[in-house]
Every structure is written in structure tokens, then in C-alpha cells.
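All remarks here apply to the structure that follows.
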Amino acid sequence: MKLAEERETDEREALKNQKNDEERGKNNIEKVNEFRAIVKHVMGKDTTPEERANITTVDNSAVIPKQFVNQVIEIQKGYGSLKQLCDVIPVTKNEGTIPVIDLDQNEMAEVAEGADIVDGTFVSTDVPFKCAKVGLIQSLTSETVEDAEVEMENLVKKNFTNIATAKENTKILKVITDNATVIEGAVDYTDLENAIDGSLPSVKAGLTTITNVSGYVKLKNWKDAQKRPLNLITVDANGVEYFHGHAIVHVEDAMLPATVGKNVFYIANMKEAVKYCDRNAITVARSSEAGFTDDTIKLRILERFIPVKGSARSIKKIEF
């Protein structure tokens, strides 16, 4: 009887495991089919009613599944994207306005003892935005769905990610450079430290120093009169680099040019300074620009976003 009970228990466990495996397999198939349905749609292949139900379209383009886009975002972070430093605002249309509190005009007035407190409202500005289209057009050479699925995945994760990240950074940096207050007469890193320490308490906690490769190398390897390293840049356990207690990031010299013979640095509370309007969708479609010059399928992969100025009070530019 004991052996029979043990066999019965083993059989129940085996059936339970088999059921779990079937459920996991079913979920995996559904996830694969969602992306494969898009591939078949782009290639002009016939899709089943179930596959068509899984395809979401925006402006006649198929939206890449959310879980796939999340993987692309992780890769973008690895390529040095500045997007995560900004205040990312999801938008549902390509053009419109977003309300931004004007922190420069909202001051707390002093109230004399015994006087009435004056009612007031926050001053806000409706900032217009128009999402820019960023992407690429490339040929899809594969003729089978299986090969096309792999090829399209590589195109999105590698080629498109590089292009999108570079464009994102360029547009974000333009907001910073166009709205910075220049601090004159700086001679060394102590002026940069003074600019950070002199920032308003309400913005200081979120300050980030942005520089190019040349400026980063200058700070990283700064030595005293006895040629001893000052270790101005430190790294925490998560690999985040800091200068004077605040995060520091660097980009290519071409993206953040400096005056000849000097190094350039910007400090800003990025969450406050840059409002990043994100359409939050990567779309793929047959390119209307392709024409009939050859028998290959031209893919058009697009992302829509635009960074706009929030409050410029924290943005400072220093060169030395």
C-alpha cells in the first residue's frame, strides 16, 4: 500500500509538471506568434485571424510588441542614452502641448506677521511639441518567415538602436546647450564645484554634470603639483560615476564641442530641464520610399519623440 501511494504521488506530480510545461509552451508560442505575425504582415504573407488580432497599427505601420521594445530600451542604455536622465512624458499623438510649471516665476512671497496670506496659483506654460520621426530604411533580403524574423530582430536591436540613441542624445543636448547660462572666468575644476554648490537647494540633489570625452579625461586624470591623482571622479557599486557627489556622464566630442584649447562642462537638473515627449512605440512597415527598383522588401523602422525645454534655471555652462 505504501508503494502504491508513492507511485500515485509521483504520477500526480508528473501530470502537474506536464500541465505546467504545456502552459509555459503555450505562452511562449503566443509571444513568438505576436512578433512573427508582424513579420508576415510586413512581408505580405497571409495571416490567420488570430495573428491579425495581435497586430496593432499606428499610421498604417505595425507596432512592435511591448516586451520586445523593452529589450531595445535596455540595449539603448548600454549605448549611453541620455533619455533616462530626462523627465519622460508619454504622449498619445505626434503633436500637441504639455503644461510645464514655470518655476522661475513661482516665488513664495513673504507674509508679514498678522497679515492675510495671499492666494495664488502656479504659473504654468503650455509648451508645444511635435514629435520627430527617427529611424532607418533597409532591405529585407530573407524570403522565408523564419529567416526574416531573425533578420528583422537584428535590424531593430542593432542598426536602429544605434541610430535612435545618437539622435536622442543630439536633440537632448541641443535643449541643454541652447538654454544654458554661461559662467565666465572659470580656470579649473574648483569653479565647476562652486557652480554645483551654488545651485538652488531644490535642484541640487538632481544635478548631473555633462561633458565630452576630452573633459571627462581631464577630470579623471587631474593631478596635484606633486603629480598625485586627485581622484575627482568616483564610481559606486552600480558602476555610476560621480563628480563632487553628483552623477557625471560624457558623450562624443563631436556632440558637445568646446572652444579651442578649453574643456566644456554643463550642469543641469535634467528631470527639470528637459521634458522628453515620447510616443512610446516603435513601428515597422514596408517603406513607401522604396519604389520598385528591385525585388527586395524595404523596411522602414520608426520611433517618434521630441525633447523640449522645461525650466532652464539649473542649466549652467562652464569652460576652462
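The values are calculated or read from the model by the stated rules, or taken from the named source; none is laboratory data. The model shown is predicted, which means the values in this text are computed figures rather than measured ones. Note: ideal-geometry Cβ built from the backbone for every residue, glycine included; neighbour counts use all protein chains shown. All accessible areas refer to the heavy atoms of the entire protein, side chains included, with ligands and DNA or RNA removed. Shrake-Rupley method; radii C 1.70, N 1.55, O 1.52, S 1.80 Å.
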- Note on the structure: Expected field for Leu15, accessible surface area in Å² at 1.4 Å probe radius, rounded to 10, holds 110 Å²
- Scan around Ala281 for amide H atoms under 5 Å from its own, H built in the peptide plane at 1.01 Å from N, and keep only partners 5 or more places away or cross-chain. Arg304
- Where does helix 2-43 land angle-wise versus the long Cα axis of the chain, in degrees 0 to 90, nearest 10? 70 degrees
- Set the Förster radius R0 to 41 Å, insert the Cβ-Cβ distance between Ile137 and Asn238 as r into 1/(1 + (r/R0)^6), and round the FRET efficiency to 0.05. 0.65
- Note on the structure: Descending accessible area (1.4 Å probe), largest on the left, turns Asp191, Asp197 into Asp197, Asp191
- Task: Taking Cα Rg over 2.2 N^0.38 Å as the quantity of interest, determine which of [x] 1.36; [y] 1.18; [z] 0.94 was computed from the displayed structure.
- Result: [x]
- Note on the structure: From highest to lowest solvent-accessible area (probe 1.4 Å; ligands, DNA and RNA excluded), Tyr242, Tyr189 read Tyr242, Tyr189
- Roughly speaking, to the nearest percent, how much of the range 131-319's 1.4 Å accessible area is carbon and sulfur? 50 percent
- Task: Find how much the distance from Gln71 to Asn33 grows on full extension, using 0.36 nm per residue of separation minus their present alpha carbon separation; answer in nm with one decimal.
- Result: 12.0 nm
- Under a 1.4 Å probe, what is the accessible area of the range 131-319 per residue, stated in Å²? 49 Å²
- Out of Gln226, Gln71, Gln84, a Gaussian network model of the chain with alpha-carbon springs under 10 Å gives the largest mean-square fluctuation to Gln226
- Message: With n ≥ 4 as the cut-off for DSSP H runs, can you work out [θ] at 222 nm for the chain, using -39500 (n - 2.57) per run divided by the number of residues, rounded to the nearest 500?
- Response: -11000 deg cm²/dmol
- Read phi for every residue in the range 66-77 and hand back ³J(HN,Hα) as whole Hz from Karplus 6.51 cos²θ - 1.76 cosθ + 1.60, θ = phi - 60°, with x for Gly and Pro. 4, 5, 6, 5, 4, 5, 5, 4, 4, 5, 4, 4
- Message: Can you work out the Karplus-derived ³J(HN,Hα) for every residue in the range 197-202? Use 6.51 cos²θ - 1.76 cosθ + 1.60 with θ = phi - 60°, whole Hz, and x for glycine or proline.
- Response: 5, x, 6, 4, x, 5
- Task: Determine the gain in length on full extension of the stretch Asp188-Ile98; use 0.36 nm per residue of separation and subtract their C-alpha separation, reporting nm with one decimal.
- Result: 28.5 nm
